[in-house]
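What follows is a set of notes on a single structure, which appears directly below.
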Amino acid sequence: MSDQKINSEEFWAKADSHLLSYGGTFVRKIITKAKGVYIYTNEGEKIIDFTSGQMSCLIGHGNDEITETIANYAANLDHLYSGMLCEPVVELADKLTSLLPEPLTRAAFLSTGGEANECAIKLAKTFTGKFEIVGLSLSWHGMTGNANACTYQAGRSGQGPMMPGSYVLPAPNAYRSIFRNSDGSYDWKTEMMYGWSLIDASSTGSLAACIVEPVLSSGGMLVLPEGYLKELKNQCEKRGMLLIVDEAQTGIGRSGAMFAFEDSGIVPDILCLSKTLGNGIPLSAVVTSDEISKVTSERGFMFYTTHVNDPIPAAVGCKVLDIVIRENYVENALLRGEQFRNHLKKMAGKFQCIGDIRGRGLMVGLEIVKDRESKETDQQLASQLAAKMMELGLSANLIAVKSFGGVFRMAPPISITEKEMDEGLTLLEKAFEEICQ
């Protein structure tokens, strides 16, 4: 990085002239440094990062051990032909699978979450010999072919037909669902079974897999209800389908457990990890069983990419696992997540625009509404709040895409301290006081 002062006018002129828009809008700040839970601008502003970058810097920006690992491998073992293996790849496969229950014993390492989900779906199709894929209505699994086809939150328009055989289940939204028990509580099981009845009616008899996130982050930080994953696995098994669990954001401690599916009573047929595993370095993983690995190999499965099992990201993944376990960051995610939500609950007593507070571990959703009776979302107010937070020195805005509605999706690094959390929450509340009073 150059120490030369950046000309802001020149910078934005070049950006506005030459960068391709990929959805959403750019924050009009020039970021020059990121360290710990903070990011810094060319104007000298210090901003608390309550989104861990793109939900990826699990243990904070610029971690010294991660930095040293990258520098070491960049200098000595940077990239290999995909048919070659090196120690960090084998070590990561061993460490990762040792943390997982049987039969999740086989891993491959790719670059992005979309790529991992693409690989998982292709595995499922090859193993089952079928082609239909089910996703949840507020899901986000990636922007590539198969992954985009089972992403229903956004990114589907303007490109013609999706992959054939793409079906949707209603996303479980306890705050907004019309499916209710007689006492007014959320009836997720009836909702799920209604969704399966429509899929069964639409299917050509070739259902291959269902893919699901334990917390639908892009869907508004919707936590799957207790028992949901177990019932979903049951419904998949009845139809001869595989269950793919996409833990791009929930994995490696973020949810308050090493893996969010741990307490569900089931083990997925295929597990996908990304974002959190690489702490901001492009790294994803697909983990499955010996049986699925054997059968798909016999049937000619291929997912041969330029950066499959690359040394640098694999070495970073090993270091991330070591640090999370050594520093007991899973427990910290639980404690700081509780601190976060408890503060928001107190704020809800003061600000009527807070409609719902939800999440798990250090994944927090805050839904902004016009009033609590109608529950009508107030995206304009949410945008004003996000702008004020940024002005005060808090980045908590992952709502820039219109389809996200008025929901703040917040996920600070799980290494955040109690003091740093208080600092961020003070700024968050101050924004509400200035905009909502």
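The values are calculated or read from the model by the stated rules, or taken from the named source; none is laboratory data. Predicted model only: the values in this text are computed from it and were never measured. Quick reminder, even Gly has a Cβ in these numbers, built from the backbone with ideal geometry, and neighbours come from all protein chains shown. Remember, those area values only see protein heavy atoms, side chains included, never the ligands or the DNA or RNA. Shrake-Rupley method; radii C 1.70, N 1.55, O 1.52, S 1.80 Å.
Points worth noting:
- Within the option set F50, F26, being in contact with a Leu (Cβ under 7 Å, 6 or more places away or on another chain) and closer than 29 Å to M363 by Cα holds for one residue only, F50.
- Checking each residue in the stretch 61-76 for being touching a residue at least 12 places away in the same chain (Cβ under 8 Å) and either touching a helix residue (DSSP H, G or I) at 6+ places or on another chain (Cβ under 8 Å) or under 15 Å from P313 (Cβ atoms) (or both) picks out H61, N63, E65, I66, T69, I70, N72, Y73, A74.
- Filtering the stretch 266-277 for residues that are surrounded by fewer than 16 Cβ atoms within 10 Å (Cβ to Cβ) and either in contact with a His (Cβ under 7 Å, 6 or more places away or on another chain) or at pLDDT 95 or above (or both) leaves an empty set.
- For the stretch 367-380, the criterion of being within 14 Å of E434 (Cα to Cα), in contact with a Phe, Trp or Tyr (Cβ under 9 Å, 6 or more places away or on another chain) and buried (at least 22 other Cβ atoms within 10 Å of the Cβ) is met by no residue.
- Looking across the stretch 194-226, the residues that are within 16 Å of L136 (Cβ to Cβ) and assigned to a loop (DSSP other than H, G, I, E, B) come down to E213, P214, S217, S218, G219, G220, M221, L224, P225.
- Residues that are farther than 18 Å from K419 by Cα and of a type in the set (S, T, N, Q), drawn from the stretch 39-82: T41, N42, Q54, S56, N63, T67, T69, N72, N76, S82
- Restricting G265, G278 to those that are over 25 Å from I133 (Cβ atoms) and under 22 Å from the mean Cα position of the chain (by Cα) reduces the list to G278.
- The condition of being open to solvent by less than 40 Å² (accessible area, probe 1.4 Å), aromatic (F, W, Y), touching a helix residue (DSSP H, G or I) at 6+ places or on another chain (Cβ under 7 Å) and not in a loop (DSSP other than H, G, I, E, B) does not hold for F351.
- Condition broken by D290, with the remaining ones in (1) open to solvent by 10 Å² or more (accessible area, probe 1.4 Å); (2) in contact with a Ser or Thr (Cβ under 9 Å, 6 or more places away or on another chain); (3) within 29 Å of D78 (Cα to Cα) satisfied: (3)
- The stretch 176-212, subset touching a Gly at 6+ places or on another chain (Cβ under 9 Å) and within 16 Å of L243 (Cα to Cα), residue surrounded by the fewest Cβ atoms within 10 Å (Cβ to Cβ): S206
- For the stretch 153-169, residues that are under 19 Å from Y22 (Cβ atoms) and of a type outside the set (A, V, I, L, M, F, W, C) total 7.
- Residue match in the stretch 57-79 (condition: of a type in the set (S, T, Y) and under 17 Å from T250 (Cα atoms)): no
- Filtered residue count, the stretch 231-247, keeping only those that are open to solvent by 20 Å² or more (accessible area, probe 1.4 Å) and within 14 Å of G165 (Cβ to Cβ): 1
- Residues located in the stretch 302-328, provided they are part of a loop (DSSP other than H, G, I, E, B) and either without any contact (Cβ under 8 Å) to a residue 12 or more places away in the chain or open to solvent by 60 Å² or more (accessible area, probe 1.4 Å) (or both): M302, Y304, T306, H307, E327, N328
- Residue match in the stretch 239-253 (condition: assigned to a helix (DSSP H, G or I) and either out of contact with any helix residue (DSSP H, G or I) (no Cβ under 8 Å at 6 or more places or on another chain) or under 23 Å from P313 (Cα atoms) (or both)): no
- Here M84 passes the criteria (1) part of a loop (DSSP other than H, G, I, E, B); (2) within 26 Å of L207 (Cα to Cα) except the one numbered (2).
- In the stretch 1-30, residue modelled with the highest pLDDT [restricted to those that are open to solvent by less than 100 Å² (accessible area, probe 1.4 Å), assigned to a loop (DSSP other than H, G, I, E, B) and under 30 Å from R156 (Cα atoms)]: K29
- Filtered residues of the stretch 213-230 (kept if surrounded by fewer than 18 Cβ atoms within 10 Å (Cβ to Cβ) and either under 12 Å from D269 (Cβ atoms) or acidic (D, E) (or both)): E226
- Inter-residue pairs, beta-carbon under 6 Å, first at negative phi and among the hydrophobic types (A, V, I, L, M, F, W, C) and in the stretch 240-255, second open to solvent by less than 10 Å² (accessible area, probe 1.4 Å) and not in a strand (DSSP E or B), 6+ apart: L242/A124; L243/C236; L243/P268; I244/A120; V245/F261; V245/P268; A248/S274
- L92 vs. criteria in a helix (DSSP H, G or I), in contact with a strand residue (DSSP E or B) (Cβ under 7 Å, 6 or more places away or on another chain), in contact (Cβ under 8 Å) with a residue 60 or more places away in the chain and open to solvent by less than 60 Å² (accessible area, probe 1.4 Å): yes
- In the stretch 102-113, residue least open to solvent (accessible area, probe 1.4 Å) [restricted to those that are under 13 Å from L271 (Cα atoms) and not in a strand (DSSP E or B)]: L104
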